[in-house]
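These notes concern the structure reproduced below.
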Amino acid sequence: MDFRWWALLIALSLPGMWALVAVIVDTQHPGRMLGADAVETLLLHFGEWGLRILLLTLVFSSLRRRSRWKSALRYRRLSGLTAFTYLSLHFFVYLALLAGFSLTEIVKDLAERTYITVGFAAWVTLLLLAVTSTNGWQRRLKRRWIYLHRLVYLAIPLGLLHLLWLTKAGYIEALTYALVYAALMLERWPALRKHLPTPLNS
């Protein structure tokens, strides 16, 4: 048994457990844990934790590449699926508590509110990665699986932009995430550059 994997699973579950407790407590005592705007608190809670854990997946990728630590791949997959779960809960809070599952309202928001369009694009990208994260899909797609899962490098900036537009009380946290992402991309740039097409000499 890999106790570190289970320890990571428990740690990654804590934000979800907090949200569950907060909803239960606020049902009896409104505002005690979720504040005056419970919907916005839950929306930001799930969204920010999803983004934080998504950045963690890049950390595991860097550790795997730098140290040849094979177990990092299992931790990366766990982190990625957990991040997708929280971001799906973020999306669900919007669908259920803001849009009221109204297709008309959702389509209107997608058309008129750019931050929702960008956030939805990020979620759809991550949905594709979550569905194809299994060993079966990895065997089917072979080398293409690696290129497909580099779409995470697109999903994270879209998520950062979504958060930046969504945040009302300053931009320090969103900019901090952006700096962490930039540092992680800078670290992996030499490896990515090897796979870029070389321009033909004229």
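When the residues of region 54-74 are filtered to those that are among the polar types (S, T, N, Q) and either within 17 Å of the chain's Cα centre (by Cα) or assigned to a helix (DSSP H, G or I) (or both), which remaining residue is farthest from P157 (Cα to Cα)?
S67
Out of (1) surrounded by 12 or more Cβ atoms within 10 Å (Cβ to Cβ); (2) of a type outside the set (S, T, N, Q); (3) at pLDDT 90 or above; (4) under 16 Å from the mean Cα position of the chain (by Cα), the odd one out for W145 is which?
(4)
Pairs only if they're at least six apart or on different chains, beta carbon under 8 angstrom, first in region 135-150 and under 17 Å from L81 (Cα atoms), second aliphatic (A, V, I, L, M) and at pLDDT 90 or above; list them, first residue then second.
The qualifying pairs are W137/V131; L148/L128; L148/L129; L148/L141; H149/L129.
Only one of I146, I106, I116 is within 18 Å of S61 (Cβ to Cβ) and part of a helix (DSSP H, G or I). Can you tell me which?
Residue meeting the stated conditions: I146.
Any residue in region 93-114 that's under 21 Å from T41 (Cα atoms): show its pairings with residues that are among the polar types (S, T, N, Q) and part of a helix (DSSP H, G or I) at Cβ separation under 9 Å, as long as the two are six or more apart or on different chains.
Once the first residue is under 21 Å from T41 (Cα atoms) and sits in region 93-114, its partners that are among the polar types (S, T, N, Q) and part of a helix (DSSP H, G or I) give D109/T117.
Quick one: count up the residues across region 74-113 that are surrounded by fewer than 12 Cβ atoms within 10 Å (Cβ to Cβ) and not aromatic (F, W, Y).
The qualifying residues number 7.
Specify the residue that is farthest from the chain's Cα centre (by Cα); the eligible residues are those in region 75-97 that are closer than 15 Å to G16 by Cα and aromatic (F, W, Y).
F92
The values are calculated or read from the model by the stated rules, or taken from the named source; none is laboratory data. Being a predicted model, the structure only gives us computed values, none of them experimental. Cβ: placed from backbone, ideal geometry, glycine included. Neighbour counts: every protein chain shown.
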